[in-house]
């Protein structure tokens, strides 16, 4: 047996996508298209899988794509609002379909951005002082919050 040479040369991953192509993909994502729809157009010479691998190696582009996807969900919400405001729907099946699409897009928006999230971070200020009183002598209340602070600071040393 003879050893054969490898005639296949791997393509460099650095030239997979140009800046112009990345801008076009981000623009289409912002308009509400999915990444699968964009890459199925066969306008690009790379597959969805190779694009995902490229995103893992390029965090700046990955952040741009993620931001464009968030904006795309907001665009879809705007389109749904237009349907609700301006379109008269007479077919009950169409109403159910629009309702399901709305639920799904709301679910996605809730996961992708805090703008439409119900679980926003809330800062609650609480009073951390303790007042102790005894029943037999209600007039002589003692404030021990300063002593507690002093005790805890002594233990930290």
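The values are calculated or read from the model by the stated rules, or taken from the named source; none is laboratory data. Quantities reported herein were computed from a predicted structural model and do not represent experimental measurements. Backbone-built Cβ (ideal geometry, glycine too); neighbour counts: all protein chains shown.
General observations
- So residue 108, is it closer than 25 Å to residue 25 by Cα, at pLDDT below 80 and in a helix (DSSP H, G or I): yes
- Near pairs, Cβ below 9 angstrom, 6+ apart or cross-chain, from segment 27-47 (over 18 Å from residue 64 (Cα atoms)) to any residue that is modelled with pLDDT under 85: 44/17; 45/16; 46/16; 46/17
- Residue pairs meeting the criteria (Cβ under 6 Å; at least 6 apart or on separate chains; first without any contact (Cβ under 8 Å) to a residue 24 or more places away in the chain, in segment 86-100; second surrounded by 10 or more Cβ atoms within 10 Å (Cβ to Cβ) and in a loop (DSSP other than H, G, I, E, B)): 95/89
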